[in-house]
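Data block below; observations after.
Values quoted throughout were computed directly from the atomic coordinates according to the rules given, and no laboratory measurement underlies them. Note that the structure is a prediction, hence the values are computed from the model and not measured. Note that we place each Cβ from the backbone using ideal geometry, even for glycine, and neighbour counts take in every protein chain shown.
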Amino acid sequence: MKTLIVGAGAVGQIYGASLAKGGQEVSVYVRPRWVPLALEGYPVRRHGAATGLWRPAGVFTRVEELAARRWDRVWICTASPALREPWLPELLAAVPGASIVLLTPGLHDRELLLEHVPAARLNLGMITLMGWSSPLPGEQGPKETLWWPPPLSPALFEGPEAEALAAELAAGGVPAKATADVAWTAGLGSAGLIPAIAALELAGWRFDTLRAEGLPRLCAAAVEAMNVVGAVRGKSPGLAPSLLRPWIVGLITRLAPLVAPVNMEVYLCAHFSKVRPQTLAGLSTWIEDGEARGLPTTALRELLRGLSAAS
Ligand SMILES: NC(=O)c1ccc[n+]([C@@H]2O[C@H](COP(=O)([O-])OP(=O)(O)OC[C@H]3O[C@@H](n4cnc5c(N)ncnc54)[C@H](OP(=O)(O)O)[C@@H]3O)[C@@H](O)[C@H]2O)c1
């Protein structure tokens, strides 16, 4: 199995190392500035386990190099906004026959890929683990990519190869399973999470400040986002919006730090500062889709205005 990881940041390294551990020949496609790191090898560690050094089988920076080889699987591990750049159609044209695995959370990312790849080759994945460059600010320790799978939350896959993809990832240690509708689950999940992240940033990445002043605004925006996702997918979000109560979200912000093996405020600040353009794009997309359908978007617009003013 010849596998290509596109974008070897935190998720690309963790998934790549896991697939290699499961027996695949895994290469990376990275920007030129990341080549020295890729050639050195990636120190990747599941929290609580020993560090392993993953050396990719090949390191590529040009699409022409990819076209000269055969690929079975191509995992797209960039953030969502990168999919709108010109490299994507060129890369997909260079890997004919490969199964594509799309992991980004954007509401229209699947449709974007379908412009270049037939549905028979496209799989969707939902990332459920937490992965980060360690040490985080304020921590000591070696430089490595650390990851932790929250309990009872396997990575999800949907598509023609979903069963095989889940088994291959799980073979290397990342809990994973195939399921029916990742686009829907991930869409609703993002609609709940991203407004929370935006509100947390506006609260200075502090849960206590968020609980004191940001929860009603957060919940209103998340409900709006879920209703937009429902309208776009032509499905009812069911009970999910009714769970978005300030006291429930407040409770989650108290419980999550007790379970996670890392300071959640520091991790969330580091991760979502890194993928901030994706957060802004997500909010903008829900607003545009909501306005186009005559749905309320006031709270989403307020969050986006707040983040834009803070930029
Ligand atoms: N890490 C987590 O805990 C986690 C959890 C759930 C979901 N996710 C999602 O997974 C996705 C990736 O997250 P991440 O933490 O792995 O982000 P990341 O560390 O920033 O990794 C993304 C990588 O893609 C690279 N990239 C972007 N465009 C590229 C291109 N045209 N060619 C080659 N490489 C390119 C980036 O390079 P540059 O840095 O040079 O731009 C970066 O190395 C995001 O959508 C995120 O929301 C992450």
**Request:** Compute the semi-axes of the equivalent ellipsoid of region 9-70, taking the square root of 5 times each eigenvalue of the Cα gyration tensor, and list them largest first in whole Å.
**Result:** 22, 13, 8
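Pairs of lysine in the chain with Cα under 25 Å and at least 8 positions apart or on different chains: total?
Numbers: K2/K21; K2/K177; K21/K143; K21/K177; K143/K274; K177/K235.
Pairs that pass both the separation and distance tests number 6.
Quick one: grab the alpha carbon gyration tensor of region 183-310, order the square roots of its eigenvalues as a ≥ b ≥ c, and give me rounded if a/c is under 1.5, else prolate or oblate depending on whether a/b is larger than b/c. If you can, show how the numbers build up before the last one.
Working: a/c = 1.71, a/b = 1.41, b/c = 1.21.
The shape class here is prolate.
Taking the beta-carbon count within 10 Å as an exposure proxy, list S153, S18, S27 from fewest neighbours to most. Present the calculation step by step, with values, prior to reporting the outcome.
Numbers: S153 12, S18 26, S27 23.
The fewest-first ordering by Cβ neighbours comes to S153, S27, S18.
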**Request:** On a 0 to 90° scale, report how tilted helix 264-274 is relative to the longest principal axis of the chain, with both axes built from alpha carbons and the result rounded to the nearest 10.
**Result:** 70 degrees
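How high is the relative contact order of region 74-149, in percent, counting Cα pairs under 8 Å that sit 6 or more residues apart? Walk me through the numbers before you get to the answer.
On the way: 83 pairs, mean separation 19.7, N = 76.
Reported relative contact order: 26 percent.
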**Prompt:** With axes computed from alpha carbons, what is the tilt in degrees of helix 298-310 against the longest principal axis of the chain, rounded to the nearest 10 within 0 to 90?
**Reply:** 70 degrees
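For the chain, what is the calculated [θ] at 222 nm in deg cm²/dmol (nearest 500), taking -39500 (n - 2.57) for each run of four or more DSSP H residues and dividing by its residue count?
Values: 13 runs with 148 residues, N = 311.
-14500 deg cm²/dmol, from helical runs alone.
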**Message:** Restricting to Cα pairs below 8 Å that are 6+ residues apart, what does the relative contact order work out to for the chain? Please round to a whole percent.
**Reply:** 15 percent
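Name the longest site-free stretch of the chain, where the excluded sites are GluC sites (Glu not before Pro) in a DSSP loop with no more than 14 other beta-carbon atoms within 10 Å. The partial results should precede the final answer.
On the way: sites that count: E115, E139.
No qualifying site falls inside 140-311, the longest such stretch.
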**Asked** GNM, the chain, Cα, under 10 Å: largest mean-square fluctuation among R245, R55, R33?
**Response** R33
**Message:** Can you give me the angle between helix 215-233 and the longest principal axis of the chain, using Cα atoms only, in degrees from 0 to 90, rounded to the nearest 10?
**Reply:** 60 degrees
**Request:** Using only Cα atoms, locate the centre of region 251-297 and the centre of region 1-20, then give the distance between them in Å, rounded to an integer.
**Result:** 24 Å
**Request:** In whole Hz, with x marking every Gly and Pro, tabulate ³J(HN,Hα) for region 133-141 from phi via Karplus 6.51 cos²θ - 1.76 cosθ + 1.60, θ = phi - 60°.
**Result:** 7, 9, x, 6, x, x, 9, 10, x
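Net charge near E90: determine it from the other residues with C-beta under 14 Å of the C-beta of E90, scoring Lys and Arg +1 and Asp and Glu -1. Mind dumping the intermediate values first?
Values: positive: R62, R84; negative: E64, E65, E85, E115.
Taking every other residue near E90 into account, the sum is -2.
Suppose the chain between I248 and K143 were pulled fully straight at 0.36 nm per residue; how much longer would it get relative to their current alpha carbon spacing? Before the final figure, lay out the partial values.
Values: separation 105, 0.36 × 105 = 37.80 nm, distance 3.60 nm.
Between I248 and K143, full extension yields 34.2 nm more.
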**Complete:** If amide H atoms are modeled at 1.01 Å from N in the peptide plane, then the residues at a separation of 5 or more from Y29, or on another chain, having amide H under 5 Å from its own are I5, V6, G7, F60
**Part-to-part distance (alpha-carbon centres) for region 42-86 and region 151-197, which is given in Å** = 19 Å
